[in-house]
Amino acid sequence: LQPIAVTFAGLLFHGAVSARPRDLDADGAATHARLFTVCLLLGPFFETVTGFGVGAVFALGDLHALGIGGPAGAALSLLSQMLIPWGGLGPGTLLGAALAGVELRALGAWNAALSAAWLLTLLPVFWRLAAEAGLPATPRDRIEDAVTIAALGVLLIAANLLATVEVAGLLALGPPLVWRLRHRLAQPGAARAATPYLALSAVLLASRLVPGAPALLTAVGMIRPWPDLPGFALFHQPGMLLGAVGLGVLATVRGRRAILLRAGRRGARPAVLMLGYVVLARLLGGSGAAAALAGALAAAAGAALAFTVPLLGAAGGFFAATNVGSNSILMPVVSALALALPPAFVAAVQNFTGSALCMVAPMRLGATAALAADGTAPGAIARRLWPTAASAVLVGWAAIAVLVTAGASGNGPA
């Protein structure tokens with residue numbers, strides 16, 4: 001119910017907001033700074049709020065308004081998926097923590113540390129694509145881009161240490177996004193366009209950060225059929241809050257019935273797939289298949305067993321195209337590996353690499369090429385984005401090497 005609720009609510013919210021003025025950054029002159037904001041701040045923000053690849057849809061539309069298309073434009077739009085562990089308010093990460101049996105905040109903090117390092121490796125890819133799109137970075141642009149991404153990484157780590165995964169993405173993206181849009185936000189109409197997102201952010205942050213609010217909201221309306229899995233809180237679960245705000249936005253636009261029906265149709269198949277993934281994960285764990293696979297992998301890998309975790313995560317993300325699917329299928333296997341590493345760290349490596357490889361998953365590439373509708377082939381997008389996949393695996397290997405060398409233990413970053 002957790003990821004399914006977020007999927008339907010995200011599609012409803014997206015449909016309602018799309019019927020309102022929303023663009024804060026696509027009009028006016030095309031500049032490198034504007035391109036950076038669209039691809040690496042606005043796109044990830046929309047993905048964090050709604051999930052389901054919606055951030056790429058928003059980014060692609062803004063890129064077309066900037067006059068950028070073709071393979072470079074499609075690849076740039078997919079950079080909006082760089083925060084998938086927090087996409088859709090983090091249902092895939094929450095599910096991964098439940099399947100691994102680790103504390104959600106510890107997994108989120110480890111994942112943030114890995115992502116902070118990986119985000120820096122995305123800059124050369126972005127700069128190369130920006131140059132191909134006709135908006136190359138000046139030396140000043142490169143400095144501003146690097147400072148912004150570094151700040152985002154630090155904020156991401158801090159947000160996951162201080163708050164919950166569901167709102168950590170919003171907390172981290174807020175300051176750099178406001179800073180980059182400070183001049184645009186002062187223009188007429190900008191506040192009205194931003195109102196739905198500000199309202200959603202306020203509701204989510206209040207439900208997590210206001211003293212006493214989490215306990216109050218989870219005290220009533222809690223559905224908990226299985227004691228070993230997270231409960232479904234009707235008044236606290238992110239999908240329900242997202243849906244409530246979406247319904248509020250829907251009340252202000254026309255064509256409400258059509259928007260509701262469209263969200264239902266678009267969400268039905270992903271909901272069935274997510275349910276299937278979760279059932280498969282329970283079968284893998286309960287039948288002993290996950291333990292058997294882990295034992296066979298341990299025998300084959302030997303001393304290099306820990307270094308197979310990023311490869312497993314990468315394979316899951318590449319073939320499933322969602323961290324819900326990747327975690328559902330592979331988290332039971334990874335969790336069964338007898339590794340001398342913090343369990344939350346191992347789960348985070350699986351979640352991180354699986355999420356990163358979603359960016360180049362064939363299904364996601366095909367969907368983006370279809371949305372671009374300009375003759376772009378999925379293979380052309382993949383050739384421009386493959387370094388992001390390679391760097392994610394390398395970051396995972398480097399982190400494992402550091403912890404193995406240091407003999408780390410515990411459940412979270414020092």
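The values are calculated or read from the model by the stated rules, or taken from the named source; none is laboratory data. Predicted model only: the values in this text are computed from it and were never measured. A quick note on method: Cβ atoms are made from the backbone with ideal geometry, for glycine too, and the neighbour counts reach across all protein chains shown. These accessible areas exclude ligands, DNA and RNA; they are computed on the full protein's heavy atoms, side chains included. Shrake-Rupley method; radii C 1.70, N 1.55, O 1.52, S 1.80 Å.
In table form, for the structure just shown:
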item: When residues of region 94-149 are limited to those that are crowded, with 23+ Cβ neighbours inside 10 Å and of a type outside the set (A, V, I, L, M, F, W, C), the one modelled with the lowest pLDDT; result: GLY96
item: Selected residue (criterion: most open to solvent (accessible area, probe 1.4 Å)) from residues of region 210-246 that are in a helix (DSSP H, G or I) and farther than 25 Å from ALA194 by Cβ; result: LEU216
item: Residue in region 287-310 that is modelled with pLDDT under 80, touching a Pro at 6+ places or on another chain (Cβ under 6 Å), assigned to a helix (DSSP H, G or I) and over 18 Å from SER115 (Cβ atoms) present; result: yes
item: Residues of region 297-311 satisfying the condition of being closer than 21 Å to LEU107 by Cβ and surrounded by fewer than 23 Cβ atoms within 10 Å (Cβ to Cβ); result: LEU305, ALA306, PHE307, THR308, LEU311
item: Residue in region 356-382 that is most open to solvent (accessible area, probe 1.4 Å), counting only those that are more than 18 Å from CYS39 (Cβ to Cβ) and in a helix (DSSP H, G or I); result: MET363
item: Residue match in region 175-190 (condition: of a type in the set (A, V, I, L, M, F, W, C), more than 30 Å from ALA320 (Cα to Cα), part of a helix (DSSP H, G or I) and at pLDDT below 80); result: yes
item: Selection from region 110-136 of residues that are in a helix (DSSP H, G or I) and either among the β-branched types (Val, Ile, Thr) or in contact with a His (Cβ under 8 Å, 6 or more places away or on another chain) (or both); result: THR121, VAL125, ALA130
item: Failed condition for ALA347, given (1) under 30 Å from LEU247 (Cβ atoms); (2) open to solvent by less than 40 Å² (accessible area, probe 1.4 Å); (3) of a type in the set (A, V, I, L, M); result: (1)
item: Residues of region 383-392 classified as of a type in the set (A, V, I, L, M) and surrounded by fewer than 20 Cβ atoms within 10 Å (Cβ to Cβ), total; result: 1
item: Selection count, region 10-60, where residues are within 19 Å of MET240 (Cα to Cα), modelled with pLDDT of 85 or more and small (Gly, Ala, Ser); result: 2
item: Pick from region 33-49, criterion in contact (Cβ under 8 Å) with a residue 60 or more places away in the chain and within 9 Å of GLY87 (Cα to Cα), ranking: surrounded by the fewest Cβ atoms within 10 Å (Cβ to Cβ); result: PHE45
item: Count - residues of region 247-279 that are in a helix (DSSP H, G or I), under 20 Å from VAL203 (Cβ atoms) and free of Cβ contacts under 8 Å to residues at least 60 places away in the same chain; result: 1
